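Only the coordinates and a few stated rules stand behind these numbers; no lab work does. All values reported here derive from a predicted model rather than from experimental measurement. So basically every Cβ, Gly included, is an ideal-geometry build from the backbone, and we count neighbours across all protein chains shown.
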Amino acid sequence: MSDLGVFLCIPAYNEAKRIGAVLGALGELGYPVVVVDDGSVDGTAEVARGYAVTLLRHEKNRGKGEAIQTALRYLLGQDAKAVLFLDADGQHLPSEAGRFMEVWRARRPDMVVGSRMKESGSMPLVRRVSNRFSSGLISVIAGHRITDSQSGYRLLSKRMMEFALSRPGGRFGLESELIIDAVAAGMSYEEVPISCIYGDKKSHFHPVLDSLDFTRLVIRKAVERRFGRRQQ
């Protein structure tokens, strides 16, 4: 474990073509790395085994939220003080991990999210509009300004890791739900600016199924907030 007690973690699904470059860059940072292969069928696990990482695997694809929770259970067993998640597709620059570590070293917040919106000009228009809309909704429900609720580049404290395991896993909803519930529970939330990088990779986000999941999440959280349900 690093002197900050921070692990790096990559949830991955069918990223054999890209994950090697990410892991190579992460290896230069000096932090222990965990990869969760979420049922990939393209050799992602085989590529990850070529690097100095801990590899956790799902036999079948279970969704990003479930992959995150698999990592959290393992990391809590390793007495991790925090974990920094980033995506396997190269969208997040490993070199920007230091921005999160500086905040963690200074204040030990419960959650630090990397916001792409200061450099959102390179983000595809549909994604930019969708992200601003969803982040706006999350901000209203959470009662706190959130600029990039969909960012997967985020640091979670040990307290937040334990908190996340009490939430439903699923596909992509966990990341948004964590922001809402953490703020409602009085946990500390910060953002750091990160680069916005988009290549030709197709997103695993399903425009119909995952949009429906997000809509259900928003309605459920709005009802909880309206009727004063206390977050656990």
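In whole Hz and in residue order, list the ³J(HN,Hα) couplings for segment 92-105 that follow from phi through the Karplus curve 6.51 cos²θ - 1.76 cosθ + 1.60, θ = phi - 60°; x for Gly and Pro.
With the stated coefficients, segment 92-105 comes to 10, 7, x, 5, 8, 4, x, 5, 5, 5, 4, 5, 5, 5 Hz.
With a cut-off of 15 Å, note down the residues of segment 27-43 whose backbone N falls inside the zone around a label point 7 Å from the Cα of residue 17 toward its beta carbon.
Residues passing the 15 Å test: 41-43.
Place a point 7 Å from Cα of residue 96 in the direction of its Cβ. Which residues in segment 140-170 have their backbone N less than 20 Å from it?
Once the point is set 7 Å along Cα→Cβ of residue 96, 145-157 turn out to lie under 20 Å by backbone N, inside segment 140-170.
Looking at the square roots a ≥ b ≥ c of the eigenvalues of the Cα gyration tensor of segment 5-47, which shape do they give, rounded for a/c under 1.5, prolate if a/b is larger than b/c, or oblate? Write out the running numbers ahead of the final one.
Numbers: a/c = 3.26, a/b = 1.68, b/c = 1.94.
Verdict is oblate for segment 5-47.
What nm value, rounded to one decimal, do you get for the distance between residue 105 and residue 144 when each label is placed 7 Å out toward the C-beta?
Inter-label distance under the simple model: 2.4 nm.
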